[in-house]
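Enquirer: Here it is: the structure, laid out below.
The values are calculated or read from the model by the stated rules, or taken from the named source; none is laboratory data. Note that the structure is a prediction, hence the values are computed from the model and not measured. Every residue, glycine among them, receives a Cβ derived from its backbone with ideal geometry; neighbour counts consider all protein chains shown. In case anyone asks, the SASA skips ligands and DNA or RNA and just uses the protein heavy atoms, side chains included. Shrake-Rupley method; radii C 1.70, N 1.55, O 1.52, S 1.80 Å.
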Amino acid sequence: MDYRKDITAYFEREKEIIDQISKDDINTLLNLLNKARDEQHFVFICGNGGSAATASHYCCDFNKGISNNQKSKFRFICLSDNIPSMMAYANDYSWEEIFVGPLRNLFKEGDYVIGISGSGNSSNVIKALQYANEHNGISIGITGYDGGIIKKICQYNVHIPVKDMQISEDLHIMLDHCMMNILCKNGENR
């Protein structure tokens, strides 16, 4: 079987969507994250499914990859990484509580919450972002499709304008690597 035509079509679609992502929104996000680092605020990040893996990847790249050789370090915490805690909140309360529960223990005024959601409509991510809004924090969405509820409620959002979960998730991780590359290059001895 020859899949080259399908491979080319997928790659072409991805390249087309990359050109539609707002560079202004990414620039704003970079500046927000630098501010979080400089002011030593925690950045809580979460998502479900593939977005949970992406949230974990961001945490690794910012805490180790970017911060490794810099004086000022990022303080990312991935709310999707503690499976026993998530299951306890889901079992004892509800699925919507799995991310906001830990925020009630750890979040301080001025901290950040980043919610990653391809659809923009993940109820547990929405609840975590609302918590940031209600407790004098910074809410940031990273979304796909039409941005859903997350795009509407977040103070800041980077939107991947595509109704395709795989391309949306691809570009969410590409955004991480783009920011990592830029921050490593421009942040030495920060």
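Enquirer: Please compute the modelled spin-label separation between CYS60 and ASN133, points set 7 Å along Cα→Cβ, answer in nm with one decimal.
Expert: 3.2 nm
Enquirer: Considering only PRO102, LEU33, LEU79, whose Cα is most displaced toward the positive end of the charge dipole of the chain, charges sitting on Cβ of Lys, Arg (+1) and Asp, Glu (-1)?
Expert: LEU33
Enquirer: Select from the chain the helices, each a whole stretch of DSSP H, whose alpha-carbon atoms run 27 Å or more along the helix axis and whose Kyte-Doolittle mean is at least -1.0; answer none if there are none.
Expert: Membrane-span-like by this rule: 165-186.
Enquirer: Shifting gears a bit: Out of residues 5 or more away from ASN157 or on other chains, whose amide H comes under 5 Å of its own, with H placed 1.01 Å from N in the peptide plane?
Expert: Residues meeting the amide H criterion: GLY141.
Enquirer: Determine Rg/Rh for the chain; Rg is computed over alpha-carbon atoms and Rh is the Kirkwood hydrodynamic estimate from the same atoms.
Expert: Using Cα coordinates only, the ratio equals 0.98.
Enquirer: List the trypsin sites (Lys or Arg not before Pro) in the range 1-110 that DSSP assigns to loop (not H, G, I, E or B) and whose Cβ has at most 12 other Cβ atoms within 10 Å. Which are they?
Expert: Within the range 1-110, the qualifying trypsin sites (Lys or Arg not before Pro) (loop, at most 12 other Cβ atoms within 10 Å) are LYS71, LYS108.
Enquirer: Sticking with this structure for a sec: Please work through the chain and write down the cysteines that have no neighbouring cysteine Cβ at a distance under 4.7 Å.
Expert: So, CYS46, CYS60, CYS154, CYS178, CYS184.
Enquirer: Based on Cβ point charges of +1 for Lys and Arg and -1 for Asp and Glu, what charge dipole magnitude is obtained for the chain about its Cα centre, in debye rounded to the nearest 20?
Expert: 520 debye
Enquirer: Here is a further query. Write down the accessible area per residue of the chain in Å², having rolled a 1.4 Å probe over the full set of protein chains.
Expert: On a per-residue basis, 51 Å².
Enquirer: Once you have the Cα-Cα distance between GLN20 and GLU39, take 0.36 nm times their residue separation minus that, and quote the gain in nm to one decimal.
Expert: 3.7 nm
Enquirer: Quick check: at a probe of 1.4 Å, how many percent of the accessible area of the chain sits on carbon and sulfur atoms?
Expert: 51 percent
Enquirer: Given a Förster radius of 35 Å and the C-beta distance between HIS177 and ARG104 as r, what FRET efficiency does 1/(1 + (r/R0)^6) yield to the nearest 0.05?
Expert: The calculated FRET efficiency here is 0.65.
Enquirer: Here is a further query. Just subtract the alpha-carbon distance of ARG4 and GLN166 from 0.36 nm times their residue separation and send over the number in nm, one decimal.
Expert: 56.5 nm
Enquirer: Using unit Cβ charges (K, R positive; D, E negative) and no other charged atoms, how large, in debye to the nearest 20, is the dipole of the range 7-97 about its Cα centre?
Expert: 520 debye
Enquirer: Can you give the convex hull volume of the alpha carbon atoms of the range 51-160 per residue, in Å³?
Expert: Considering the Cα atoms of the range 51-160, their hull volume per residue is 102 Å³.
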